[in-house]
Amino acid sequence: MIPAPFDYVRPGSLAEACQELAADEDAKVIAGGQSLLPLLRLRLAYPTKLVDVARLPELSGVHDRGDHVFIGAMTTHDEVMRSDVVASGCPLVALATAMVADPAVRHRGTFGGALAHADPAGDLPAVVLALDGVLVARSAQGEREIPAADFFVDYLESALEQGEVLAGVKIPKLGDGWGFHYEKFHRTAQAWAVVGVAAAVRRSNGTVQEARIGLTNMGATPLRARAVETALQGVELGDGLRQACEEAAAGTSPPADLHAQPDYRRHLARVLTHRAVRTAAGTP
C-alpha cells in the first residue's frame, strides 16, 4: 500500500531536528525506519512530516562513562551487539540485541528507535527496564532524563513530548556477581517475541541475592516482574528457582492474538523466566 502524503526534511543538527518537530505536532522522527515504514505503508500512521535523524553523528556511538554505558539513539543494533564496551559493561543488552529480528534488520534498525517505538513485543524495552536504564531526551528547551520505568506509557506510546528527540540511553553497570540472560519464544527468526524474558541475577554463596526480571509482550507496555523478583530473593540455586518463577505472570495482562491467548502467554512467562533465571544464575 502507498503511504499517505507527507513532507520530508533532513536536518543538519540535533537542534534543527528539535525545531522541526516543535513546529509541527504531527511530525515524526524517522531513524532506521524498521518500525515506522511498515506503519506508513499500512496507513496506520499519518505524519504530516518525517524528520530524518539518521545521519546526525551526535546521536551515534557507544561510550563508557564510568558507572554506566551510554548508547546513542542512532547506534544500530549490529553496532551495539558487536561493541566491546556493551559486552563488558551491560552484557544483557548485547545478548538481547543479537536476538533482534535478523541481520538485515540489525544493520538498519537503531537502538533508540526500538525504544522510542515503545512496542511491548520488542526485545529491547524489557531489557532497558530490567536494568533500570535512563533515557535521555533532547528538545529546543534542553535535555531531560526519563527513567525507563516512566518511559513506556501505553501501547506504542512513550513519554517523549512534542519536540523531543531520544538522544541516547544510560545503562548502569551492575558490577561483579551478576549473571545475565535473555530468553524468548518466537514462531520464526524474524517474528516478534510471543513472550520474552530479560533476567539479571546476583548470586552469592549458592543463593539468589537479587534479581531483575523484564517481560516482553505480557501487557500494553514492557513489564517488571516484581512478584518473581521478590520471590527469588534468598532462594537457593537449584530446584527452588522453579517454584519462585511461578510468580512470573502475576499482575500481567497479556494480549490475545492469532499466535497466543493470554493463558498460554502466562504459561510461557513462567517457563521462560525459569530458564532465563537458571541460565543467568549459572545453574545447569
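The values are calculated or read from the model by the stated rules, or taken from the named source; none is laboratory data. Every value quoted in this text rests on a predicted model; they were computed, and no experiment measured them. Backbone-built Cβ (ideal geometry, glycine too); neighbour counts: all protein chains shown. The accessibility values were calculated without ligands, DNA or RNA, using every heavy atom of the protein model including side chains. Shrake-Rupley method; radii C 1.70, N 1.55, O 1.52, S 1.80 Å.
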Mean projected area, convex hull of alpha-carbon positions in the stretch 123-265, reported to one decimal in nm², is 9.9
Per the charge dipole of the stretch 1-151 (beta-carbon charges, Lys/Arg positive, Asp/Glu negative, Cα centre), the residue among C18, A130, G113 reaching farthest to the positive end is G113
For the stretch 184-244, the dipole about the Cα centre with charges only on Cβ (Lys and Arg +1, Asp and Glu -1), to the nearest 20 debye, works out at 220
In nanometres, the difference between 0.36 nm per residue of separation and the alpha-carbon distance of Q162 and E210 is 13.5 nm
About its Cα centre, the chain carries a charge dipole, from +1 on Lys and Arg Cβ atoms and -1 on Asp and Glu Cβ atoms, whose size in debye to the nearest 20 is 760
Out of Y155, S60, A281 - ranked by how far each Cα lies towards the positive end of the dipole of the chain, with unit charges on the beta-carbon of charged residues - the top one is A281
For K49, counting only aspartates and glutamates whose alpha-carbon sits under 17 Å away and dropping same-chain residues fewer than eight positions off, the answer is D7, E16, E20, D24, E25, D26, E161, E164
Here the FRET efficiency for Q190 versus D26, based on Cβ atoms and R0 = 35 Å and rounded to 0.05, is 0.70
The simple spin-label model distance between S13 and D132, using points 7 Å out along Cα→Cβ, in nm, is 3.6
Magnitude of the Cβ-charge dipole (Lys and Arg +1, Asp and Glu -1) of the stretch 33-164 about the Cα centre, nearest 20 debye, reported as 540
Helix-only [θ] at 222 nm, the chain, -39500 (n - 2.57) per DSSP H run of 4+, per residue, nearest 500, equals -8000 deg cm²/dmol
In this structure, the FRET efficiency calculated for A149 and I2 from their beta-carbon separation, with R0 = 51 Å, to the nearest 0.05, is 0.85
Excluding ligands, DNA and RNA, the carbon-plus-sulfur percentage of the accessible area of the chain with a 1.4 Å probe reads 48
Computed on Cα atoms, Rg of the chain relative to 2.2 N^0.38 Å comes out at 1.00
Rh_Kirkwood(the stretch 45-204) over Cα pairs, Å, one decimal, evaluates to 16.0
For the chain, the per residue accessible area (1.4 Å probe, Å²) is 46
Percent relative contact order for the chain, counting Cα pairs under 8 Å at least six residues apart, stands at 15
Whole-Å distance linking the alpha carbon centroid of the stretch 120-191 with that of the stretch 227-272 is 21
Cα-based Debye curve of the stretch 187-284 sampled at q = 0.16, 0.19, 0.21 Å⁻¹ gives log₁₀ I(q)/I(0) of -0.61, -0.82, -0.96
